[in-house]
Amino acid sequence: MGWPGDLPSHGAGWAVAFDAPFTWTKQVASDFGGTRNGMIVHWPEGIKEKGGIRSQFGHVIDIAPTIFEAAGLPEPKSVNGTPQTPIEGTSLLYTFNDEGAKERHTTQYFEMFGNRAVYHDGWFARTIHRAPWQAVDMPPLETDIWDLYNVREDFILANNLADKHPEKLAKLQALFMREAGNTMLCRLTTG
């Protein structure tokens, strides 16, 4: 990637290879392949430590709240007369000068093309409904099998704990349904 003549899109095989050590790709939002990406923040006036690494959970929806807080700006309620949907993310600024800060973004749901997951307090429950290249003969969503991972101990989602912790999996599946319902309700009420 990145050489002269390179294409902006690659075949599924290359997409999976580039996401190693994770499995799958961005289109499988219920897996970290293509979605668990490092982020570098450079702000000499605001970050004292040089080269620090943070492990608190963060999501792309946390970027705007972080920038607003760092800049001392309020979240916009209206832009050019158009009311704005409230931002759902959590500012990551609290981690910038405190490596051990307690995680604040504790719950995040994921869904794309029937692939579903939820992160909550270090646990990750997910189901792979279909591969990105599958488009026909899809099974019903109700037949999908869910996996469970302890992300704090298993960075790449290699050790499925669903059989060892079925009660934790059931709680996370219920949490996924609540979070997905809340998001859908928000979309319906804000247009």
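The values are calculated or read from the model by the stated rules, or taken from the named source; none is laboratory data. What you are looking at is a predicted structure, and each value in this text was computed from that prediction instead of being measured. All Cβ positions, glycine included, derive from the backbone under ideal geometry; neighbour counts span all protein chains shown.
Looking at region 101-135, which of the residues that are within 30 Å of Lys48 (Cα to Cα) and either modelled with pLDDT under 95 or of a type in the set (S, T, N, Q) (or both) is nearest to the chain's Cα centre (by Cα)? So the residue we want is Gln108.
Return a yes/no flag: does region 131-148 have any residue that is in contact with a strand residue (DSSP E or B) (Cβ under 6 Å, 6 or more places away or on another chain) and not in a loop (DSSP other than H, G, I, E, B). Yes, the conditions are met somewhere in region 131-148. Checked against the criterion of being in contact with a helix residue (DSSP H, G or I) (Cβ under 9 Å, 6 or more places away or on another chain), in a helix (DSSP H, G or I), more than 25 Å from Lys164 (Cβ to Cβ) and of a type in the set (Asp, Glu), region 97-119 has no qualifying residue. Residues in region 82-96 that are in a loop (DSSP other than H, G, I, E, B) and over 15 Å from the mean Cα position of the chain (by Cα): Gln84, Thr85, Pro86, Ile87, Phe96.
So for region 142-162 (the condition being under 30 Å from Pro44 (Cβ atoms) and acidic (Asp, Glu)), does at least one residue qualify? No; the residues of region 142-162 include none that is under 30 Å from Pro44 (Cβ atoms) and acidic (Asp, Glu). Of the residues Leu92, Leu161, Leu148, the single one that is under 30 Å from Lys48 (Cβ atoms) and surrounded by 13 or more Cβ atoms within 10 Å (Cβ to Cβ) is Leu92.
If the condition is being over 24 Å from Ala20 (Cα atoms) and either exposed (fewer than 11 other Cβ atoms within 10 Å of the Cβ) or of a type in the set (S, T, N, Q) (or both), then region 50-82 contributes Lys50, Thr66, Ala71, Gly72, Leu73, Pro74, Lys77, Ser78, Val79, Asn80, Gly81, Thr82. Looking at region 19-75, which of its residues are acidic (Asp, Glu) and outside any loop (DSSP other than H, G, I, E, B)? Selection gives Asp62, Glu69.
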